[in-house]
Amino acid sequence: MAIDSAVLVIGGGLAGLTSALAAARAGGDVRLVSAKQSTLRNASGLVDVLGYAPDGTGPLIDPFEAITSLPEGHPYRTVGVDAVREALALFDEVTDYCGGHTDRNALVPTHGGTVKPTARYPRGVAAGLASDDRDALLVGFESLLDFDAPLAADPLRAAGVPFGVRGVTVGFPGDLRADAKVTRYAKLLDVNDEVGANGRSRAARAALAAAVEPHLDGEPRVGFPAVLGDDRPGEVRRTLGEMLGVDVFEVPTGPPSLPGLRLEDALFAALDAAGASIETGNPVVDFEGEGRVEAVYVEKNGARIPYTADQYVLATGGLVGKGVESDREGVSEPVFDCHVPHPADRYDWFDEDAFGDHAFAGFGLRTDAQLRPLTAEGTVEFDNLRAAGAVLGGYDFPAEKSGSGVSLATGYAAGWAATQEAR
């Protein structure tokens, strides 16, 4: 017997979660299926809309103003500025992020010493914005190799940020190994257990503050790698700030990312509260239908289980997420075999200049105005299938710093439209 729903979303990343959430909150009977855990744990937790124009101009001050100048075929041009704003409004409603008060991008220092333009950022990042002219001390941990605070401070100074910045490295209380997971650091600060430090035992937060305090030289704000708690990050930051007499902020780091995990938790909680069904760990491996998707097949323990719906949303990711695949024969979309435009000659997929205009960066599905994938001839592949997120083509999200925004906007538009059609 087939498992039935009105809207079936395939993919558990930001686009899939947003699509399922938009559909469920619009009154749809929604089921989300994903082959693996959400990719948000590998993301910085920052939500970009548009940091740079396709020609490299930027960082952009107002990303919404720039959207109308993007090339035809860009996903933002497909859904329109209003959909971007509506998607962000939904995001703001279910998360505790900052940035919704303005159309201007914020400039957020990263663990690599760069400054990233972003539209939404975790509350724990707020005190570290590069637009703030207060001096900052960056603190790294000897056992956490992903964040070298002195090395991050150097390029920030060279970039001409409007504040003094230094970096120091201290021992993290509790003597965690260099291969300890970031969640170990976070949990230790969450529960605030007693740890040994400098021959005495004290609570983890107090021990960390004591390790940092001798390095302060009047800086009013201190930045740590983003490991300051998982369940209680606000409490951890507040406690450290009170002990040190400074504003404490987190610097987004690479994967695995605590801000990404926190965002994942918030979105899954919102999706659960909206009444959607969620299944992860089982891939969609096949489908039935011609011109209209009649069913998909999910592989579970070697069996192929049919799932049916009135409307489907494909949000399986791009080349990195394997929602788009390539081999010597060409580029393909593996679930529904939708057409992926690409040059026939593989040598035309990339530019000889490492930093040139690479065609592969824009590989993905082309859609109509309703986000329905198109065939090579320009006709709709399936009238009840929409695509969202990185599986879409027509934009270079790493260069534009637009990946999260496109996932939110197209996920929202696809989910909302699917529910309207399913009624």
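The values are calculated or read from the model by the stated rules, or taken from the named source; none is laboratory data. Not measured: the values here are computed from a predicted model. Using ideal geometry, Cβ is built from the backbone for each residue, glycine included, and neighbour counts are taken over all protein chains shown.
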Q.
Restricting to region 160-181, count the residues that are basic (Lys, Arg) and either touching a Gly at 6+ places or on another chain (Cβ under 6 Å) or not in a strand (DSSP E or B) (or both).
A. 2
(Q) Between 361, 387, which is modelled with pLDDT of 95 or more, within 17 Å of residue 321 (Cβ to Cβ) and under 24 Å from the mean Cα position of the chain (by Cα)? (A) 387
Q. From the residues in region 376-423 that are assigned to a helix (DSSP H, G or I) and of a type in the set (Asp, Glu), which one is surrounded by the most Cβ atoms within 10 Å (Cβ to Cβ)?
A. 400
Q) Which one is surrounded by the most Cβ atoms within 10 Å (Cβ to Cβ) among residues in region 299-354 that are modelled with pLDDT of 80 or more and at positive phi? A) 317
Q | Candidates 82, 29 - the one that is out of contact with any strand residue (DSSP E or B) (no Cβ under 7 Å at 6 or more places or on another chain) and more than 24 Å from residue 124 (Cα to Cα) | A | 82
Q.
Could you go through region 232-239 and let me know if any residue there is modelled with pLDDT of 95 or more, hydroxyl-bearing (Ser, Thr, Tyr) and buried (at least 16 other Cβ atoms within 10 Å of the Cβ).
A. yes
Q: Just need a number here: residues in region 111-133 that are surrounded by 15 or more Cβ atoms within 10 Å (Cβ to Cβ) and over 20 Å from the mean Cα position of the chain (by Cα).
A: 3
Q: Among the residues of region 108-124, count how many are without any contact (Cβ under 8 Å) to a residue 60 or more places away in the chain and either among the acidic types (Asp, Glu) or part of a loop (DSSP other than H, G, I, E, B) (or both).
A: 3
**Q.** Only one of 180, 206 that is more than 22 Å from residue 110 (Cα to Cα) and without any contact (Cβ under 8 Å) to a residue 40 or more places away in the chain
**A.** 206
